[in-house]
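Worksheet: one structure, shown below.
The values are calculated or read from the model by the stated rules, or taken from the named source; none is laboratory data. This structure is a prediction, so every number in the text was calculated from the model and none was measured. We place every Cβ from the backbone using ideal geometry, glycine too, and count neighbours over all the protein chains shown. The area values use the complete protein model at the heavy-atom level, side chains included, leaving out ligands, DNA and RNA. Shrake-Rupley method; radii C 1.70, N 1.55, O 1.52, S 1.80 Å.
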Amino acid sequence: MKTRSVAWCAAVLLAGLTCAAKAQDVPEVLDRVVAVVNSRAILWSDIIDSMHLSALEPRRRDEDDPDARTALERLVSRTLIQQQIRQEDAQAVEPAEKDIQARLTELRKELPACVHVNCSTDAGWKTFLEAHGLTENQVVDYMRRRLEILAFIETRFRQGIQIPQEEIEAYYRDTLLPQYVKGETAPPLKDVGPRIQEILLQQKVNSLFSAWLENLRKQGDVEVLDPALEPVSAAASPSEGDR
């Protein structure tokens, strides 16, 4: 990612700022562009929304909440993916409303952060949303984008992948069995084979998807306009993004 000068930002991105005129006609900036991904602006308010929406994602107890830099990285990735979806399939069908609502119902029942307020009830869900600065519409939009991306990944990477029986047996022998201590009875391969196949399939999909996304980043025009939000690696080596 590359950082442009403040002067350049002021000149080129003036139209992208949301301003309100004061009595003395001095503009007050209420929002600002912090990055541009293939001509698509990412605002500071997008980062704030993304940080709030992170409450919908399960995390380990020892895992910190995402900071602004992490939120921007996720927004850049999501923007690149959505742009590619539109490029490959301009008529991509949005997820059905019933599917969105079904996933939201699952989320409210299974999200660890919802346990204490009982999000499965309307009152508990409202309490959860207010505590994290979220609205129902924001969550619905979040789930719609998520399902759209998952459907794209399913079609683009999962179809056609075959898991040889030898790999299933190797995972069972080398990964699963060692998890059982002496005296414990491990389930037979025929019972856990389908689950192992799904795990290996997902690993291959993740590997293909990660390589594809990395290539998108290399080919795309991603510019961070706020030096404080530059990735740590880029900040340590300013010339990296110009190579």
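Tell me the carbon and sulfur percent of the accessible area for the stretch 178-232, rounded to whole percent, probe radius 1.4 Å.
Details: 1920 of 3550 Å².
Answer for the stretch 178-232: carbon and sulfur cover 54 percent of the accessible area.
Taking the Cα centre of each part, how many Å lie between the stretch 166-212 and the stretch 39-59?
Each part reduced to its Cα centre gives a spacing of 34 Å.
May I ask you to derive the FRET efficiency for Gln162 and Ser210 from their Cβ-Cβ distance with R0 = 22 Å, giving the value to the nearest 0.05? Before the final figure, lay out each step's value.
Values: r = 20 Å, r/R0 = 0.90.
Approximately 0.65, to the nearest 0.05.
Could you please tell me the mean projected area of the C-alpha convex hull for the stretch 161-223, averaged over all directions and given in square nanometres to one decimal?
Numbers: hull surface 24.5 nm².
Across all orientations, the stretch 161-223 yields a mean hull projection of 6.1 nm².
What FRET efficiency comes out for the pair Glu223/Glu94, r = Cβ-Cβ distance, R0 = 25 Å, nearest 0.05? Working shown, then result.
Numbers: r = 29 Å, r/R0 = 1.16.
Result of the calculation: an efficiency of 0.30.
As a test of reading the structure, rank Glu94, Glu148, Glu73 by solvent-accessible area (1.4 Å probe, protein chains only), most first.
On the way: Glu94 110, Glu148 20, Glu73 55 Å².
Greatest to least solvent exposure: Glu94, Glu73, Glu148.
With r defined as the distance between the Cβ atoms of Leu150 and Arg59 and R0 fixed at 22 Å, what FRET efficiency is calculated, to the nearest 0.05? Let's see the in-between values first.
Values: r = 19 Å, r/R0 = 0.87.
For Leu150 and Arg59, the calculated efficiency is 0.70.
Quick one: grab the alpha carbon gyration tensor of the stretch 34-151, order the square roots of its eigenvalues as a ≥ b ≥ c, and give me rounded if a/c is under 1.5, else prolate or oblate depending on whether a/b is larger than b/c. Working shown, then result.
On the way: a/c = 2.19, a/b = 1.33, b/c = 1.64.
Cα axes put the stretch 34-151 in the oblate bin.
So how far apart, in nm, are the two label points at Ala102 and His116 if each is 7 Å from Cα heading toward Cβ?
Modelled inter-label distance: 3.3 nm.
Would you work out the Kirkwood radius for the stretch 95-243? I mean one over the mean of 1/r across all pairs of different Cα atoms, in Å.
Numbers: mean 1/r = 0.0500 Å⁻¹.
20.0 Å is the Kirkwood radius here.
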